Amino acid sequence: MKQNNQWMSLLGLANRARRIVSGEELTVKEIRRGNAKLVLLSQDASHNTSKKITDKCHSFHVPLKMVENRYLLGKAIGKDARVVVAVMDEGFANKLVTLLD
């Protein structure tokens with residue numbers, strides 16, 4: 001459980017530093033622009049959303065990590081449920097990858 005809180009705190013920090021975007025459209029836009037360093041997708045995302053984000057990440061070589069559910073993802077950034085979040089900072093992204101592995 002401690003591991004869980006660590007990634008959530010770090011994501012919250014990245015959010016306060018304005019280094020993330022949330023929501024499907026913004027995330028896809030940032031992946032296309034090459035700004036997204038990591039994408040976090042909730043496991044309870046719809047099939048269409050999962051496929052769209054996964055395909056986009058693969059074609060633009062952006063690492064993708066799954067998190068338990070949309071409520072945890074939203075809570076981490078102080079918002080309601082969020083299905084997908086893109087991290088735009090290399091440092092935050094690398095640390096999040098190690099915490100989520």
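Kindly indicate whether residue 14 is closer than 16 Å to residue 100 by Cα and at pLDDT 95 or above.
yes
Looking only at residues that are touching a Leu at 6+ places or on another chain (Cβ under 7 Å) and among the aliphatic types (A, V, I, L, M) in segment 21-54, which one is surrounded by the most Cβ atoms within 10 Å (Cβ to Cβ)? Steps first, answer last, please.
Kept after step one, since they are touching a Leu at 6+ places or on another chain (Cβ under 7 Å), are these residues of segment 21-54: 38-42, 50, 53-54.
The next check asks that each one be among the aliphatic types (A, V, I, L, M); those that pass are 38-41, 53.
Details: 38: 24, 39: 24, 40: 28, 41: 23, 53: 23.
For segment 21-54, the residue satisfying everything is 40.
Among the residues of segment 55-78, is any crowded, with 16+ Cβ neighbours inside 10 Å, in a strand (DSSP E or B) and β-branched (Val, Ile, Thr)?
Yes, segment 55-78 contains a residue that is crowded, with 16+ Cβ neighbours inside 10 Å, in a strand (DSSP E or B) and β-branched (Val, Ile, Thr).
Kindly evaluate residue 95 against the criterion of being surrounded by 20 or more Cβ atoms within 10 Å (Cβ to Cβ), charged (D, E, K, R) and at pLDDT 95 or above.
So residue 95 does not fit the description; no.
Return only the number of the condition from (1) in contact with a Ser or Thr (Cβ under 9 Å, 6 or more places away or on another chain); (2) within 24 Å of residue 9 (Cα to Cα) that residue 38 does not satisfy.
So the condition that residue 38 fails would be (1).
The values are calculated or read from the model by the stated rules, or taken from the named source; none is laboratory data. Keep in mind it's a predicted model, so treat the numbers as computed, not measured. No Cβ is skipped: glycine too gets one built from the backbone with ideal geometry, and neighbour counts run over all protein chains shown.
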